[in-house]
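Reading through the structure tokens given below for one structure.
Nothing in this text is a laboratory measurement; each read-out follows from the coordinates by a stated rule. Values in this document were obtained by computation on a predicted structure and should not be read as measured data. Counting neighbours? That spans all protein chains shown, and the Cβs are built from the backbone with ideal geometry, glycine included.
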Amino acid sequence: MPESSLDRSDSALNVAYVDVKKAPLDDPRAKQYACLMNDELIRAMLQSPTLQHHLVSVHEILRDPALSGEPTAEGRYDVALKKFRELRAGGNESNIEVEEFVGRVLSILEGHTGHD
């Protein structure tokens, strides 16, 4: 089994454990990702079909120029960011699960020094 995987089989989001010790030493983002994916609350949140739907929709905007209407990666990033902002508290598509997920991610990232 790979160190981490993202799989939408059976309409469930399957996320594998990420070994922090195997994260590349020169890539602090890899260790942050491992800390996120190994957090029990994050893993529980990712089981929500609603949160899965919203995260997949943002991901698809990033990947599909036809969906976003933007041919460049930078343009797709801007469209995805706008969509994500709309899903946050105060946005037109405000969703509590997205807001709680973002809060948890930010909490973990702010607490992660990269020197663990």
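Starting at the first residue of the range 47-59, write each ³J(HN,Hα) from the Karplus equation 6.51 cos²θ - 1.76 cosθ + 1.60 with θ = phi - 60°, in whole Hz, x for Gly and Pro.
Result, rounded to whole Hz: 7, 6, x, 5, 5, 4, 4, 5, 5, 5, 5, 5, 4.
Kindly put VAL98, VAL79, VAL56 in sequence by how many other C-beta atoms sit within 10 Å of each C-beta, fewest to most. Write out the running numbers ahead of the final one.
Working: VAL98 23, VAL79 17, VAL56 13.
By the 10 Å Cβ count, ascending, the order reads VAL56, VAL79, VAL98.
Could you tell me what fraction of 2.2 N^0.38 Å the Cα radius of gyration of the range 21-83 comes to, as a two-decimal ratio?
1.38
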